[in-house]
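Before any comments, here is the structure.
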Amino acid sequence: MALYKVSRTDTVDYDEHEAVVVRAESSKDALAFVTRIETGEGRSAISGKAFTWSDPAYRGFLADGSNAKVTRIRGRGEPGEILASFNAG
């Protein structure tokens, strides 16, 4: 396992992440971790109707990774997020 910094290569807007540091087996796995889409289910508190949702795990990174650069950082440990940088509006 190694640490990888995944950073944006394009303009970062409000309410988007500009960089994330993760622990992963490879740079490919680090990119996949940051660009994944999370999904879930819920129920409206007003209407009671069920709904599903999907959102990027880290806003601003494109799912295909085309606006991301991955840099390896030395380190050891379990996989997962170390630090996320979010440009709040």
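The values are calculated or read from the model by the stated rules, or taken from the named source; none is laboratory data. Predicted model only: the values in this text are computed from it and were never measured. Positions of Cβ are backbone-derived with ideal geometry, glycine not excepted, and every protein chain shown enters the neighbour counts. Note: accessible area is taken over every heavy atom of the protein model, side chains too, but ligands, DNA and RNA are not part of it. Shrake-Rupley method; radii C 1.70, N 1.55, O 1.52, S 1.80 Å.
For Thr71, all conditions in the list (1) without any contact (Cβ under 8 Å) to a residue 40 or more places away in the chain; (2) open to solvent by 40 Å² or more (accessible area, probe 1.4 Å); (3) over 12 Å from Arg8 (Cβ atoms) hold save one; what is the number of the exception? Of (1) without any contact (Cβ under 8 Å) to a residue 40 or more places away in the chain; (2) open to solvent by 40 Å² or more (accessible area, probe 1.4 Å); (3) over 12 Å from Arg8 (Cβ atoms), only one is false for Thr71: (1).
The residue list Val6, Val21 contains one member that is in a strand (DSSP E or B), surrounded by 14 or more Cβ atoms within 10 Å (Cβ to Cβ), in contact (Cβ under 8 Å) with a residue 12 or more places away in the chain and touching a helix residue (DSSP H, G or I) at 6+ places or on another chain (Cβ under 7 Å), which is Val6.
Taking Asp13 as the residue in question, decide whether it is under 21 Å from Gly89 (Cα atoms), part of a strand (DSSP E or B), in contact with a strand residue (DSSP E or B) (Cβ under 8 Å, 6 or more places away or on another chain) and open to solvent by 40 Å² or more (accessible area, probe 1.4 Å). No. So is Ala30 buried (at least 16 other Cβ atoms within 10 Å of the Cβ), in contact with a helix residue (DSSP H, G or I) (Cβ under 7 Å, 6 or more places away or on another chain) and at pLDDT 95 or above or not? No, not satisfied.
Restricting the first member to segment 50-66 and to residues that are farther than 10 Å from Ile37 by Cβ and in contact (Cβ under 8 Å) with a residue 12 or more places away in the chain, and the second to residues that are of a type outside the set (Asp, Glu) and part of a loop (DSSP other than H, G, I, E, B), the beta-carbon pairs closer than 7 Å and six or more apart or on different chains are Gly60/Val12; Phe61/Asn67.
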